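Here the structure is laid out as structure tokens; the discussion comes afterwards.
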Amino acid sequence: MTLLAEDLLWLLLDDHTGEPLVDKHCLSHALAGALLIDLAAPDRFPALIQVTGPGEPMHPGRLFVLDESEHARWQADPLLVHAVELLRQRPLTPKQAIHKLEPGLRTTLLDRLCSRRQILRRSDRLLGFIPITVWPTIDRDTKNALRQPLQRSLLDAQRPGHRTLALISLLHVVHALPEQCPGWRRSVINERAMKISEQYTGSTWPADSVRQAICDSYASTYTGGYLIP
């Protein structure tokens, strides 16, 4: 099973042009947030990090690394090993952790998608003279299958699993969820995503805390204080 951060990045790349659906700051924050969710509530192994609550020795709302000595499977993934090492240094808020995990993450994830032949790295020119790199999708069938649980939850009212809920929350907060449901009005998809988020608020701390941390990180990037709703 791929990491949530890998799936999110793939969904945030346009199928045909290979260009990101959101700006670089938004993309960077979202990917780091997804990696936090991978660590806090992963599907493949027990959680590696946890958030402090009221009454605990550390200040509430801080992330700390759990005793992961018994869980060797995650150590096969160098990206997770690196992330745990960074977060082990001191307790951080989700927002601080996102900034800590951002450097180099997008490049690493793109390389992983390319190595699996899911996307193709291609040099192009914007407006005919500005050099850019794009990553169009190669494996359309797998990407469409990745979208299906999102579409069933949004369009057929099927209860989302943890992974689907996290993807819906992350895509919604960066305004890229309607692109996953072609043919449907943006207003309809966004309204249904809001209802899903409200219905399952509190069902898992990572999606809620990371969503707010992404908003705060993006807002602090711009002097105008723009906040993703």
By per-residue mean of other Cβ atoms within 10 Å, what is the highest-first order of 25-36, 90-101?
25-36, 90-101
Given labels modelled 7 Å from the Cα in the Cβ direction, how far is it in nm from E85 to R186?
4.2
Among 140-149, 78-87, the order from most to least packed when residues are scored by Cβ within 10 Å on average:
78-87, 140-149
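Only the coordinates and a few stated rules stand behind these numbers; no lab work does. As the structure is a prediction and not an experimental result, all values here were calculated from the model. Backbone-built Cβ (ideal geometry, glycine too); neighbour counts: all protein chains shown.
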